[in-house]
Amino acid sequence: MSALCLDVADTAARLGLKGPRAAEWLTAAGVAAPARANTWSCPPAGPALLVARLGASEFFLEAHDQGALASLAAALAAEPAGVYPVLREDFAFRLSGTGVHDVLAQVCNVDFAGLDLEAQPVIMTLMIGVAVLAVPDGRNDARQYRFWCDPTFGPSLSETLGALIVEYGGTITGESA
Amino acid sequence: MRSETSFGAGSAAPIERSTRRPSHPFPIFAHPAGKNFVDFDEDLQVKDLENAAQEGFDSSELLKRFSTLGMGPSQGKHSHMNGLRILARVRRVRVEELGLTTFRPMYHPVPLKLLAGRGFNIERRTPLDARHRALGAVWMPAGNWRRPEYYTVAGESREQSIEAEVEAVRTQVGLIDVSTLGKIELYGPQAGTFLDRAYAGSYANLKVGMTRYGLMLDESGVIVDDGVIARPGAERFYFTTTTGGSATVFRELLRLNALWGLDCALVNVTGHRAAFNFAGPASREILQSLTDLDLGEASFPYLAAREGSIAGVQARVLRVGFVGELGYEIHVPASGAAHVWQVLYEAGRPHGLRPFGVEAQRLLRLEKGHLIVGQDTDGLTDPFEAGARWAVSMKKPFFVGQRSLKILESRGPRQKLAGIEVLDAARAPKECHLVIDRGAIAGRVTSVARSRTLGKTIGLAMLAPPLAEPGSEIRIRAEGGEMLAARVVAVPFYDPGNLRQRAGRAA
């Protein structure tokens, strides 16, 4: 298993939307939205795209190809009825490696080790008092977690989390100079 | 207990599951050093409680109030019952005979793992944090944010820097980061109806492209928050809340939306959008060179809201006047904030621009007589007392707090917020100093500052209604018991006709 790591590198594009017709609109746009709330899906076709359903009528999309969400964003800007844009300027980071669950147990009340990855869960919880969105990824014996939070909490959260990672013998990657 | 070592001895007898034995009869063990702490929050030892009982504070209520037992962060969850057992032993009665003090939530004990866990202190920083640092910001806490109090300049004292920042806004142009304001988007066919219910003013009739002040009340008619509500589209609103109230207000609005079931949706973009106020007589001329928006008076009048590009970044621009000058509140996505700030800063420097901090802003708004919720209001202040009747639309069929306001309006205000100017040029009271009238407390100073622009010390004070009329002379009990004379005056202190913010004209 890899070493414990906090990776704060982030070049992904993100898009948020909500509203009573959001699910229907996404489907019409060719994006297969998760059927259940608080789950995620990753459509196999096209650029790597994560679609997370945050509730009955809210969705969060992330793509590593900056252009992958451009057409959806343009369509959303046309103000379709019952579909509302959600500005996503999140601070995003990834936690992985040996001891990741020990670190998470120090900062979060969710038992990440006990999550059923087959269910593709989206976790909304507090980390060090900051509201975060989490998606587990990887195999059960080599899990990694992708997190998003309000960008104004990002610097302080990453400093605090980074100190903890170092204390546990891990490393921090992706920091800008 | 120090001499009775049998206390606390365990019992070898098996206890059946059904037997009632909630806890040990007396949990204090003698300690060789003689310090038997009972309450770790308040550093109370057994001897403190014994002494309290001997002084006559020998009921559970009196013991608590005299000793502060259970008044710390854990609210007695680990110490209260132990303290009662000690008192029972001193009085030689059973614990049940003492009775309990009032228990407040949480009712269950605090888990030890929480007490033993790490402590974290997370701080929010705006996207412009690095810019402020580079400009010499002196930080101050604002809720869980850190904000520039003012910017240090070589050779200037704190007071000189703040005065210079104020002067730049009044005479040239200033730039302040107001990203800490709560920012909420509201969409849907019934968005206007929702705001009409949630806020005291009227918004369903707000024209697209305009803004209106928003005053939020609780059910008892008390002012709990305020902000500016803009209408970018027929079914779109964008509004601000106070810095400290953003999370609470958003949570309350979500609750109300779930309760009322209206066809609208709320989005909290507080951290995802940055905002700055670009204000001063030169602001329009400078900003016009950076935007595709027509900033002319006819196309972008006072209180209008427009969407356009500033320095290549899509922005929402609100023409509001919190600091009392021609000004534009510019809201951009967080990722574009540093760029737009820097472009504005560099474009403004040849015109004498200075970035200004919270202290300068407080003085600028005080000169205009604008209240700050939570500073000039308290947990009982209603709009009539705060002089904000104009922001309330009582004719609406319903809004939160309306029923209470009807009662309060018929009763009349118990206090009124008024402008004051201190008559002694050399001395000044501080915020929270009391107003004394015929030997009794008749009010308090809520805001006060020396205004170089006006050449006097001005403030706001919450006063008994008979004292709140312009021209009244009041006496303020300052530090050391010194009594300072002040006069009640009409607000705004500065530019009473609001000509500068409305048209950018000199007062």
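The values are calculated or read from the model by the stated rules, or taken from the named source; none is laboratory data. Note that the coordinates shown come from a computational prediction; the quantities given were computed from them, not determined experimentally. Heads up, the Cβs are rebuilt from the backbone with ideal geometry, glycines too, and the neighbour counts pull from every protein chain shown. Surface areas here come from the heavy atoms of the whole protein model, side chains and all, with no ligands, DNA or RNA. Shrake-Rupley method; radii C 1.70, N 1.55, O 1.52, S 1.80 Å.
Modelled label positions at B:ARG452 and B:GLN75, each set 7 Å beyond Cα in the direction of Cβ, lie 4.8 nm from each other.
Using the alpha-carbon centroid of each, what span in Å lies between region A:75-94 and region B:334-355? What the calculation gives is 27 Å, centre to centre. For A:LYS18, the lysines whose Cα comes closer than 23 Å to its Cα, not counting residues fewer than 8 places off in the same chain, are B:LYS183.
Across peptide B:116-122, how many C-beta atoms of other chains are within 10 Å of each residue C-beta, on average?
Per-residue shielding by partner chains comes out at 5.
Approximating the spin labels as points 7 Å out from Cα along Cα→Cβ, the B:VAL93-to-B:ARG158 distance works out to 5.3 nm. Note on A:84-95: average number of Cβ atoms from other chains within 10 Å of each residue's Cβ is 4.
Give me the percent of DSSP beta bridges within the protein assembly as shown that run antiparallel, rounded to the nearest 5.
95
Association of chains B and A removes close to 2100 square angstrom of accessible area from solvent, both sides included, for a probe radius of 1.4 Å.
Apolar share of the accessible surface for chain A: 53 percent from carbon plus sulfur atoms, 1.4 Å probe. Applied to region A:113-122, the Karplus parametrisation 6.51 cos²θ - 1.76 cosθ + 1.60 on θ = phi - 60° returns per-residue 3J(HN,Hα) values of 5, x, 5, 8, 5, 4, 7, 6, x, 10 Hz, with x for Gly and Pro.
Ordered from largest to smallest accessible area (heavy atoms of protein chains, 1.4 Å probe), the residues B:TYR213, B:TYR151 come out as B:TYR213, B:TYR151.
DSSP bridge analysis restricted to chain B gives an antiparallel fraction near 95%, rounded to the nearest 5. Only helical runs count toward this figure. For chain B, summing -39,500 (n - 2.57) over DSSP H runs of n ≥ 4 and dividing by all residues gives -7000 deg cm²/dmol at 222 nm. Distance from the alpha carbon centroid of region B:371-386 to that of region B:149-170 works out to 29 angstrom. A cut-off of 5 Å between modelled amide H atoms, ignoring neighbours fewer than 5 places along the same chain, links B:GLY182 with B:THR241, B:THR242, B:THR243, B:SER246.
Mean per-residue shielding of peptide B:255-268 is 2, counting Cβ atoms of other chains within 10 Å of each Cβ.
Sequence-ordered 3J(HN,Hα) estimates for region A:144-149 from the Karplus curve with 6.51, -1.76 and 1.60 and θ = phi - 60° stand at 9, 10, 9, 10, 9, 8 Hz, glycine and proline given as x. Can you list the lysines whose alpha carbon sits under 27 Å from that of B:LYS430, skipping same-chain ones fewer than 8 residues off? In chain and number order, the partners are B:LYS368, B:LYS416, B:LYS456. A Förster distance of 41 Å, applied to the separation of the beta-carbon atoms of B:ALA490 and A:ALA28, puts the FRET efficiency at 0.10.
Taking all protein chains as present, what is the carbon and sulfur share of the accessible area of chain B, in % to the nearest whole number, probe 1.4 Å? Whole-percent figure for carbon plus sulfur exposure: 53.
Paramagnetic label reach from A:ALA75 (point 7 Å along Cα→Cβ; backbone nitrogen cut-off under 19 Å): within region A:1-18, residues A:13-18. If you run the Gaussian network model on chain A, springs between alpha carbon atoms under 10 Å, then out of A:ALA134, A:ALA78, A:ALA23 the most flexible one is A:ALA78. Per the Kirkwood formula applied to alpha carbons, chain B shows a radius of gyration over Rh ratio, Rg over Rh, of 1.07.
Taking a straight Cα-Cα cut-off under 30 Å and skipping sequence neighbours fewer than 8 places away in the same chain, the lysines within cross-link reach of B:LYS35 are B:LYS47, B:LYS64, B:LYS77, B:LYS113.
Residues within the reach of a label modelled at B:LEU62 (point 7 angstrom out along Cα to beta-carbon, backbone nitrogen below 15 Å), restricted to region B:26-52, are B:49-52. Annotation for B:ALA298 and B:ARG475: the two label points, set 7 Å from Cα along the Cα-Cβ direction, are 6.0 nm apart.
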